[in-house]
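Notes follow once the structure below has been shown.
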Amino acid sequence: MLDIKNNVNLKPFNTFGIEASCTFFAEINSVEDFLALLKTDTYKNNLKLIVGGGSNILFTTNFNGLVIKNNLKGITLVSESNDDVIVRAAAGENWHGFVLWCIAKGFYGLENLSLIPGCVGASPMQNIGAYGVEIKDVFNDLEAIDKSTGSKKIFTKAECEFGYRESVFKTKYKDQFLISSVSFKLSKQPSVNTTYGAINSELEAMKVTNPTVKDVSNAVIAIRQSKLPNPAEMGNAGSFFKNPEVSAEKFNSLKTSFEALVAYPLPNGNYKLAAGWLIEQCGLKGFEKDGAAVHSKQALVLINKGNCTGKAVFELSGYVLQKVFDKFGVTLEREVNII
Ligand code: FAD
Ligand code: EPU
């Protein structure tokens, strides 16, 4: 039954733990719920915001509109061959729960993305990535519903135009679709991806010499728990900024001045810089203002020390941006969706 509530506190619905409210709030448990909602005057006459786990959102103000909490559930095996499977997960499935389900079934390819907070439906938004894998590597297609007409559309991988923390859903189709389910092509042949240096060091520390897919998942979980704050204990939304891409020329000039610069060469000849390193070099690790702070174990993560406002986090992010620009001449871009 569709229930539209008034004036709801959004603190439980964002991992930053920011106090903010919305004028209207509805939870959808099925596509039919969404289609029924779409016909209401509340829907037609207001701004809309879809939330999954609220782990990549910063509320800097109350939301004067309708928040739609996506609770669509279900995982189905679409097809299976000797080598691989296609698995479809509804958008409201918890991401990490889905990854563990795939590993337990012997469907491989998502294990490096273990423990990323949030829901399946948000995973294509920024092509979530970690430890050498992005969802685009195993993405098959997604089903979406046009928010203005209610019609269904399938997006192929090419149509999603995935990039680093990018997709069409953040650019040309921003706010136009509700992603209702996502399907992945996963391998039935176990093979591990340990290209990301930290995974090998963690496996060594775990005394694992011949890692299984489950070992890789456990290593990723251990690395993440050692440096990323648990949102249940300390409000945050993961990396606040993207790692910036610079030209080879800019990289060379920075490298001359800053020998220890952390950077990765890209196939296009440019370099990706470790934003966490840049922020740390500005002396900002642990820096706090108005209850918002730069995390002391990972400078790319901004945290809510207790009861700070979303505005305080946003202002801190502006301060960090300015400091990094002043020292390195590099402009950071925010990864978190600012409301
Ligand atoms: P939300 O925050 O609820 O929403 C994010 C955006 O997507 C919003 O704009 C929202 O409107 C939109 N949206 C959500 N669901 C839908 C839908 N069904 N249809 C249409 N639009 C939708 N990200 C990484 O890529 N890699 C990491 O390693 C990583 N580590 C993290 C670690 C921590 C501790 C935290 C807190 C976050 C981390 N993140 C990481 C960021 C975040 O977990 C991901 O971006 C995740 O996919 C967000 O999912 P969500 O359901 O919480 O999205
Ligand atoms: N570093 C520092 N100081 C810091 C933080 C990092 O010097 O305070 C250095 C590290 O020593 C390392 C390098 O920066 O040499 C990279 O650090 P890390 O491996 O922690 O990764 P990251 O670049 O900070 C990115 C993603 C994470 C993802 C990890 C693992 C972005 C914006 N962030 O972080 O994604 O989990 O790699 O793949 O690309 C997220 O998007 O929310 C997120 C957490």
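The values are calculated or read from the model by the stated rules, or taken from the named source; none is laboratory data. Quantities reported herein were computed from a predicted structural model and do not represent experimental measurements. FYI the Cβ positions are ideal-geometry reconstructions off the backbone, even for glycines, and counts take in every protein chain you see. The protein model used for the area step is the full one, side chains on, heavy atoms only, and it has no ligands, DNA or RNA in it. Shrake-Rupley method; radii C 1.70, N 1.55, O 1.52, S 1.80 Å.
Within segment 45-64, the set of residues being over 15 Å from residue 175 (Cα atoms) and basic (Lys, Arg) is empty. Screening the candidates 214, 157, 147 for the property of being of a type in the set (Lys, Arg) and farther than 18 Å from residue 87 by Cβ yields one hit, 147.
Screening segment 161-198 for residues that are acidic (Asp, Glu) and closer than 18 Å to residue 134 by Cα and picking the one that is surrounded by the most Cβ atoms within 10 Å (Cβ to Cβ) gives 161.
Against the test of being over 26 Å from residue 131 (Cα atoms) and open to solvent by 50 Å² or more (accessible area, probe 1.4 Å), the options 233, 315 yield a single qualifying residue, 315. Sub-8 Å Cβ pairs linking a first residue in segment 185-207 that is aromatic (Phe, Trp, Tyr) to a second residue that is in a loop (DSSP other than H, G, I, E, B), at least 6 apart or interchain, are 196/131; 196/132, ordered by first then second residue. Look at segment 298-313: where a residue is under 22 Å from residue 278 (Cβ atoms) and a partner is surrounded by 23 or more Cβ atoms within 10 Å (Cβ to Cβ) and among the polar types (S, T, N, Q), sitting 6+ places away or on another chain with Cβ atoms under 8 Å, you get 301/236; 302/236; 303/236; 313/304. Here residue 98 passes the criteria (1) near ligand 1 (Cβ under 10 Å from one of its atoms); (2) open to solvent by less than 40 Å² (accessible area, probe 1.4 Å); (3) within 30 Å of residue 266 (Cβ to Cβ) except the one numbered (1). Does residue 255 qualify as being open to solvent by 20 Å² or more (accessible area, probe 1.4 Å), away from ligand 1 (no atom under 16 Å from the Cβ), touching a residue at least 40 places away in the same chain (Cβ under 8 Å) and in a helix (DSSP H, G or I)? So residue 255 fails the test. Considering only residues that are near ligand 2 (Cβ under 8 Å from one of its atoms) and either in a loop (DSSP other than H, G, I, E, B) or of a type in the set (Gly, Ala, Ser) (or both), look in segment 261-294 and name the one that is surrounded by the most Cβ atoms within 10 Å (Cβ to Cβ). Ranking the qualifying residues of segment 261-294, first place goes to 275.
Scanning segment 236-250 for residues that are open to solvent by 20 Å² or more (accessible area, probe 1.4 Å) and within 15 Å of residue 324 (Cα to Cα) returns 243, 245, 250. Examine segment 213-228 for a residue that is within 16 Å of ligand 1 (Cβ to nearest atom) and either outside any helix (DSSP H, G or I) or assigned by TED's automatic domain parsing to the domain that holds residue 137 (or both), and state whether such a residue exists. Scanning segment 213-228, I find at least one residue that is within 16 Å of ligand 1 (Cβ to nearest atom) and either outside any helix (DSSP H, G or I) or assigned by TED's automatic domain parsing to the domain that holds residue 137 (or both), so the answer is yes.
Restricted to strands (runs of 3 or more DSSP E) entirely inside segment 1-91, those with at least 3 residues that are open to solvent by 20 Å² or more (accessible area, probe 1.4 Å) and touching a Phe, Trp or Tyr at 6+ places or on another chain (Cβ under 7 Å) are 4-9.
Name the single residue that is farthest from residue 181 (Cα to Cα) among those in segment 117-145 being near ligand 1 (Cβ under 7 Å from one of its atoms), buried (at least 21 other Cβ atoms within 10 Å of the Cβ) and touching a residue at least 60 places away in the same chain (Cβ under 8 Å). The residue in question is 117.
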